[in-house]
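The values are calculated or read from the model by the stated rules, or taken from the named source; none is laboratory data. The structure displayed is predicted, hence computed values, not measured ones. Quick reminder, even Gly has a Cβ in these numbers, built from the backbone with ideal geometry, and neighbours come from all protein chains shown.
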2 protein chains.
Amino acid sequence: MSHHHFDIDVVVVGTGMAGLVCAHRLRRHGVDVVALEACHQAGGRTVGVEIDGEGADLGGQFIGPGQDRVYALAAELGVATFPTYTAGANVLETETGRLLRFRGMAPKLGLLTLLDVARARFRLDRLARTVDTETPWHSPNASALDGQTLRSWIDRTVRTRSGRRFLTLACQAIWACEPSELSLLHALFYIKAAGSLSALTDFEGGAQQDRLDGGAHGLAGKLAAGLGAALRLNAPVRRIERDDSGVTVTVDDGTALRAKHVVVAAAPALAARIDYHPPLPAARDNLSQRLPMGSVIKYIATYPEPFWRTAGLSGAALSLRGPIALTADSSPRSGNRGVLIGFVNGATARDLATRSPADRRTAFLDALTRLFGPQAGTPVTLVERNWNEEPFTRGAYSAVFPPGAWTQLGPALRAPVGRIHWAGAETSPRWYGYIDGAVRSGETAADAVAQDIHPSR
Amino acid sequence: MSHHHFDIDVVVVGTGMAGLVCAHRLRRHGVDVVALEACHQAGGRTVGVEIDGEGADLGGQFIGPGQDRVYALAAELGVATFPTYTAGANVLETETGRLLRFRGMAPKLGLLTLLDVARARFRLDRLARTVDTETPWHSPNASALDGQTLRSWIDRTVRTRSGRRFLTLACQAIWACEPSELSLLHALFYIKAAGSLSALTDFEGGAQQDRLDGGAHGLAGKLAAGLGAALRLNAPVRRIERDDSGVTVTVDDGTALRAKHVVVAAAPALAARIDYHPPLPAARDNLSQRLPMGSVIKYIATYPEPFWRTAGLSGAALSLRGPIALTADSSPRSGNRGVLIGFVNGATARDLATRSPADRRTAFLDALTRLFGPQAGTPVTLVERNWNEEPFTRGAYSAVFPPGAWTQLGPALRAPVGRIHWAGAETSPRWYGYIDGAVRSGETAADAVAQDIHPSR
């Protein structure tokens, strides 16, 4: 055997939750790792920020039943979970600005609309059950399902204008895009990957059921701290060379690391911007041209107390009027201050981003005031995170498959290319796009790479 | 005024037809230019190759009425044009392998199918006339047209199975993608940008009417030669920094050029892989995540003589059986040897690419033999160009807009970002995706930049 020099066993590119978990787990497998992060802090789409002396999540923050791997990770890291505040009524704002209070996920939209929406939800769930999440392109009728947008399906299936409008809002809330941008097959895959539509939309019993003490970013923080010197910040990867024996990963400043494997834990659209030598196979490259990120601006508004609770409101709202698509109570477990989060998604996020910071603040607070009263208009602090502006994320919550991508090029999403492996919430067949999916993808990549390095274990 | 050092007035990134024309025209405006090409030769999607001592086009090669700018360029460069050979019958191969000879664009598909296809063509043309090519997002009903795939429209509009199959083949031939991948609005925009559907599909009177003496790549060759030392080959651009006074363009080898402006003349998906400082605005970045290239493998088969002509065939064929979608006679003007070109497009191109070179050769020649007889199976030379594999093109003929892209982010396609300007066949509202569109885009960018540099002229 020829002699090969390696700086390290494995380089992990990107330290969102997938990359962090991958590096953490590789070390537990006895594998030497360096994790490279482009930004000044680890966390990716679960990064945190300090607001008025307390941590807050700029990205993903909720977890729920079925997300076993993120619960296990939280337990391992000693981070407690607690239920999202859901007492009181939710609010739906109609297009004309009327406020409807409701409990659970069924706003009082009028009987015809309710039936229409319920029927659409039933059909989506039934169709989703036919999708194979490991190989969506092999699902029955995959070609037809992937040949149309979710909008085409809504236009054909939903009879009332208000029902179509409500399902459009649901799409914006769930996928952070317009129904026109989304393959029906991807929507169904995504539902199946979570279990059901209500698993996606619900607080209790769904993906918004629980929160993490101190914030979801605490998981990233603890994992990053655990990596110590194995984590290198401000190190955007520009080039990955591969040959039969290993890989050479080059950072922006020219530093190069020789390793046996590399795990690229970045969303496909971002992974595509690395310069690969030899070039990636056409299928992988062409797939990565087709997977844009959704569009989200997340707002965090803090108050001296959660005043909406005393008014009998949960803090959860949906708005058909906009620009806010949905809100939730994100107060700390103690309830010693009030925190509302609000999401501006899809086309509305793109529109709002063209306005001045002052205009955006006004538009957001006006909308929040309509939902929760005048107190909502004067937060102690208002923080805005436009994920589309982040140079190493460029959108959220996750990659949105347009029609044709799954059936034309799906197999290239997860398949390693020689010694290059892919991780990230987009590669998980379970809880695609969620923190739990990211955790699973990091674990899967770590186990595959470790098996190659230490086949005896 | 502060002193600024510039190496050059303008850097042009990419020397496909758009970049070459841009650089050429800037010099005629008295502007100092450097044009940077990633590959070892200029030409981009109109690059040439020598086969048996004669030049051949690996990419675009036809021109036709309405493409005034490429005709003007050919005249300026002293390249003569000549009509594509169209005497004799065209051939349509049915799914079951039956060969139908026909003249013009109307194969003998059976009366019902013919009527069905004619009706669909009429409707597409009528809808296309409603599209505003400068601002497709402002077209009447743009949201609904951009909310569906071409496949959804075909499924809804075309009544016969054979009609749907024929329109699918037309889509593969015209856009090098499946109808599931394409926004209906983009298909209509593309038709309108050419004038009509028959302008796209026809030889005589359409975009395949004429050819260029010595090949279309001769235009690129002459433009490149004219640039002399201003053209730098093997110089992939990795980074573009911009500030109020200029831009700094850095090549792979670390060489940096300071200029007043930069024109990025690359397809959006490729332009997105350059590292921009400061990062591009979200709208431009997010659009470039959404514009994948079509999928094409082009074959060039050479023979001692154009034997099909003596058999009464034009050399033009369409196949519903595949893997070839379409062929054409590409013999030199003299007719002193025979050249057939064949295109394997869309899903078929992706499938064929997974097979071995020997298998691909056999599959192609078997299909060609079915169309043109046993002589077709023994070419002197067979050259294959899989555009999806080319690291600095990554597909062809052009970027394919999925649903939602034009209406959500269209305005970012052509808008300069500070001193960064965009060119390429994708930026032209006339003949989008064609050589003529590339020429127009290069001229437009050159004129805009020159006006800024020498406002007095």
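A few comments on the model shown:
- Evaluating A:V34 against the criteria (1) under 23 Å from the mean Cα position of the chain (by Cα); (2) in a strand (DSSP E or B); (3) in the same structural domain as A:L233 (by TED's automatic domain parsing) leaves one unmet condition, (1).
- Total residues in segment B:141-174 satisfying the condition of being touching a strand residue (DSSP E or B) at 6+ places or on another chain (Cβ under 8 Å) and within 18 Å of B:L413 (Cβ to Cβ): the figure is 2.
- Residue list for segment B:329-357, filter: on the phi > 0 side of the Ramachandran plot and either crowded, with 24+ Cβ neighbours inside 10 Å or of a type in the set (S, T, N, Q) (or both): B:G346
- Some residue of segment B:240-262 being crowded, with 18+ Cβ neighbours inside 10 Å and more than 21 Å from B:I8 (Cα to Cα): no
- Flag for B:L99 being within 14 Å of chain A (Cβ to nearest Cβ), closer than 27 Å to B:I297 by Cβ and among the hydrophobic types (A, V, I, L, M, F, W, C): no
- Qualifying residues in segment B:119-158 (those that are over 15 Å from B:L182 (Cα atoms), away from every other protein chain (no Cβ under 14 Å) and of a type in the set (A, V, I, L, M, F, W, C)) - the one surrounded by the most Cβ atoms within 10 Å (Cβ to Cβ): B:V131
- Matching residues in segment B:276-302 - criterion: being over 21 Å from the mean Cα position of the chain (by Cα) and more than 7 Å from chain A (Cβ to nearest Cβ): B:Y276, B:H277, B:P278, B:L280, B:P281, B:R284, B:T302
- Near pairs, Cβ below 8 angstrom, 6+ apart or cross-chain, from segment B:1-27 (surrounded by fewer than 24 Cβ atoms within 10 Å (Cβ to Cβ) and of a type in the set (F, W, Y)) to any residue that is part of a strand (DSSP E or B) and at pLDDT 95 or above: B:F6/B:R258; B:F6/B:A259; B:F6/B:K260
- Pairs with Cβ under 6 Å, 6+ apart, first in segment B:408-437 and in contact (Cβ under 8 Å) with a residue 40 or more places away in the chain and under 28 Å from B:Q148 (Cα atoms), second among the charged types (D, E, K, R) and buried (at least 22 other Cβ atoms within 10 Å of the Cβ): B:A412/B:R284; B:S428/B:R440; B:R430/B:R440
- Residue count for segment A:90-109 under the criterion of being surrounded by 18 or more Cβ atoms within 10 Å (Cβ to Cβ) and closer than 18 Å to A:W308 by Cα: the result is 4.
- Residue in segment A:110-118 that is within 14 Å of chain B (Cβ to nearest Cβ), of a type in the set (D, E, K, R), crowded, with 17+ Cβ neighbours inside 10 Å and touching a helix residue (DSSP H, G or I) at 6+ places or on another chain (Cβ under 9 Å) present: no
- Complete set of residues in segment B:87-107 that are under 27 Å from B:K192 (Cα atoms) and over 22 Å from the mean Cα position of the chain (by Cα): B:N90, B:L92, B:F102, B:R103, B:G104, B:A106, B:P107
- B:F401 surrounded by fewer than 24 Cβ atoms within 10 Å (Cβ to Cβ), under 17 Å from the mean Cα position of the chain (by Cα) and either free of Cβ contacts under 8 Å to residues at least 24 places away in the same chain or more than 30 Å from B:S314 (Cα to Cα) (or both): no
- Across segment A:309-318, not a single residue is classified as within 23 Å of the chain's Cα centre (by Cα) and of a type in the set (S, T, N, Q).
- A:D252 vs. criteria within 26 Å of the chain's Cα centre (by Cα), acidic (D, E) and within 14 Å of chain B (Cβ to nearest Cβ): no
- For segment B:159-170, filtered to residues that are in a helix (DSSP H, G or I) and away from chain A (no Cβ under 14 Å), the residue that is farthest from B:A405 (Cα to Cα) is B:S162.
- The residues in segment B:206-224 that are assigned to a helix (DSSP H, G or I) and either within 20 Å of B:V11 (Cβ to Cβ) or polar (S, T, N, Q) (or both) can be counted, and the count is 3.
- Helices (runs of 4 or more DSSP H) fully within segment A:344-425 counting 2 or more residues that are away from chain B (no Cβ under 13 Å): A:357-372
- Within the set A:G433, A:G442, A:G373, A:G395, the sole residue that is under 13 Å from the mean Cα position of the chain (by Cα) and either within 24 Å of A:Y71 (Cα to Cα) or surrounded by fewer than 20 Cβ atoms within 10 Å (Cβ to Cβ) (or both) turns out to be A:G433.
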